[in-house]
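S.K.: Got a structure for you, questions after.
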Amino acid sequence: MEEQILLFIEYIHNNKKTSNNTEMSYKRDLLKAVDYLKSKGVKAWDKVTYEMLQDYIQTMFDNNFANSSISRSIASLKALFGFLTLTNVISEDVSKNLKAPKIEKKMPSILSKNEVSLLLSQPTGKNPKQVRDKAMLELLYATGIRVSELISLKVSDINLNMDFIKITDSKKERLIPFGTKAHNALSEYILNSRDILLENNQSSYFFVNCSGSQMSRQGFWKLIKSYTKMAGIEADITPHTLRHSFAAHLVENGAELKAVQEMLGHSDISTTQIYLNNSQNHLREVYNKAHPRS
């Protein structure tokens, strides 16, 4: 059973261009399912029934797994069974009628505009590292891109003449504009810092670490935690917080939801809808505080 999982991971890697994180999640979820099935005496995928899968899902509920974890496991099973059907390992997809639990969309953590300004003002030094950090933070908030997209930017993806960046994933390409402050921070990084960090080496990546290599997610995580502490912000800020704040502030200031969706790269506008809900809640708070008959 494990061999089929490895073949499935290889398949989605080659055909779906999935990320390493996605593949690890699939593998982890599916191996847990295999452990359960083997504990019930099932040692081959063609012996698995719909009822067995239902029992496995019910066991997750009984053990208080989060709805998000259960939904992800169901999605992993459905993807695997689709592959097993495609490759004729099984004759019938017994996972197709599995129903994922409804997941309540929680309001993401969002910084106020003052908190964003405070955070982005922390890298004040002129040394190459702080100039780079300033450019990364400014661009992240200016465009709302994911951290994985930020650290994967190539030099050719930055257009300082037109003030936009190009993001390319397995599905499509999107162009995202940025403003004056991000432009200035990026320009200073190119002029005064990037070559120093590279130390005569070459790299196609736009942002590089102090060794001249591509920035890592862990490196950026430490960076943002450090500046959060320097700013005295008590909120639990993650690299994704600036992405959420970017979207929320755009919607709050009247940006069309469809445009925000395109910049964020959301495939479904319902994912972007949560920022509209946040904006409406903010207006309600302002009204309740300010109106004499609220």
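S.K.: If I go through region 166-189 residue by residue, how many of them are more than 20 Å from the chain's Cα centre (by Cα) and open to solvent by less than 70 Å² (accessible area, probe 1.4 Å)?
M.R.: Adding up the residues that qualify gives 8.
S.K.: Among Asn209, Asn159, which is touching a Gly at 6+ places or on another chain (Cβ under 8 Å) and of a type outside the set (Asp, Glu)?
M.R.: Checking each option against the conditions leaves just Asn209.
S.K.: While we're on this one: Name every residue in region 144-175 that is of a type in the set (Val, Ile, Thr) and closer than 18 Å to Ser213 by Cβ, in order of residue number.
M.R.: Val147, Ile151, Val155
S.K.: Name the pairs whose Cβ atoms lie under 6 Å apart, with the first residue in region 65-88 and farther than 14 Å from Glu10 by Cα, the second open to solvent by less than 20 Å² (accessible area, probe 1.4 Å), and 6 or more positions between them or separate chains?
M.R.: Every condition considered, the pairs that remain are Ile70/Met60; Ser73/Asp29; Ile74/Leu98; Ser76/Asp29; Ser76/Leu30; Leu77/Ser95; Lys78/Ser95; Phe81/Ser95.
S.K.: Shifting gears a bit: Hey, does region 85-93 have a residue that's part of a loop (DSSP other than H, G, I, E, B), modelled with pLDDT under 85 and open to solvent by less than 40 Å² (accessible area, probe 1.4 Å)?
M.R.: no
S.K.: Would you check if Leu98 is under 20 Å from Ser187 (Cβ atoms) and either within 19 Å of the chain's Cα centre (by Cα) or not aromatic (Phe, Trp, Tyr) (or both)?
M.R.: For Leu98, the condition - under 20 Å from Ser187 (Cβ atoms) and either within 19 Å of the chain's Cα centre (by Cα) or not aromatic (Phe, Trp, Tyr) (or both) - is not met.
S.K.: Within the group Leu197, Leu140, which residue is under 27 Å from Ser112 (Cα atoms) and buried (at least 18 other Cβ atoms within 10 Å of the Cβ)?
M.R.: Leu140
S.K.: I'd like the residue in region 42-64 that is in contact (Cβ under 8 Å) with a residue 40 or more places away in the chain and either β-branched (Val, Ile, Thr) or touching a Gly at 6+ places or on another chain (Cβ under 7 Å) (or both) and, out of all such residues, is farthest from Glu2 (Cα to Cα).
M.R.: Across region 42-64, the extreme among qualifying residues is Ile57.
S.K.: What about Leu153, is it more than 19 Å from Leu118 (Cα to Cα), in contact (Cβ under 8 Å) with a residue 40 or more places away in the chain, of a type in the set (A, V, I, L, M) and in contact with a Leu (Cβ under 9 Å, 6 or more places away or on another chain)?
M.R.: Judged against the criteria, Leu153 is a match.
S.K.: Exactly one condition in (1) open to solvent by less than 60 Å² (accessible area, probe 1.4 Å); (2) over 19 Å from Leu137 (Cα atoms); (3) of a type outside the set (A, V, I, L, M); (4) out of contact with any strand residue (DSSP E or B) (no Cβ under 9 Å at 6 or more places or on another chain) is not met by Gln202; state its number.
M.R.: Among (1) open to solvent by less than 60 Å² (accessible area, probe 1.4 Å); (2) over 19 Å from Leu137 (Cα atoms); (3) of a type outside the set (A, V, I, L, M); (4) out of contact with any strand residue (DSSP E or B) (no Cβ under 9 Å at 6 or more places or on another chain), the lone unmet condition for Gln202 is (1).
S.K.: Next question, about the same structure. What's the number of the only condition in (1) at pLDDT below 90; (2) within 30 Å of Lys181 (Cβ to Cβ) that Pro128 fails to meet?
M.R.: With respect to (1) at pLDDT below 90; (2) within 30 Å of Lys181 (Cβ to Cβ), Pro128 is out only on (1).
S.K.: Select, from Asp157, Asp163, Asp133, the only residue that is more than 25 Å from Thr18 (Cα to Cα), in contact with a strand residue (DSSP E or B) (Cβ under 9 Å, 6 or more places away or on another chain) and either modelled with pLDDT of 90 or more or open to solvent by 70 Å² or more (accessible area, probe 1.4 Å) (or both).
M.R.: Asp163
S.K.: Within region 9-45, restricting attention to residues that are of a type in the set (Val, Ile, Thr) and in contact with an Asp or Glu (Cβ under 8 Å, 6 or more places away or on another chain), which residue is nearest to Thr168 (Cα to Cα)?
M.R.: Ile12
The values are calculated or read from the model by the stated rules, or taken from the named source; none is laboratory data. Every value quoted in this text rests on a predicted model; they were computed, and no experiment measured them. Please note: Cβ atoms are built from the backbone with ideal geometry, for glycine as well, and neighbour counts cover all protein chains shown. Protein only, heavy atoms only, side chains kept; ligands, DNA and RNA dropped before computing areas. Shrake-Rupley method; radii C 1.70, N 1.55, O 1.52, S 1.80 Å.
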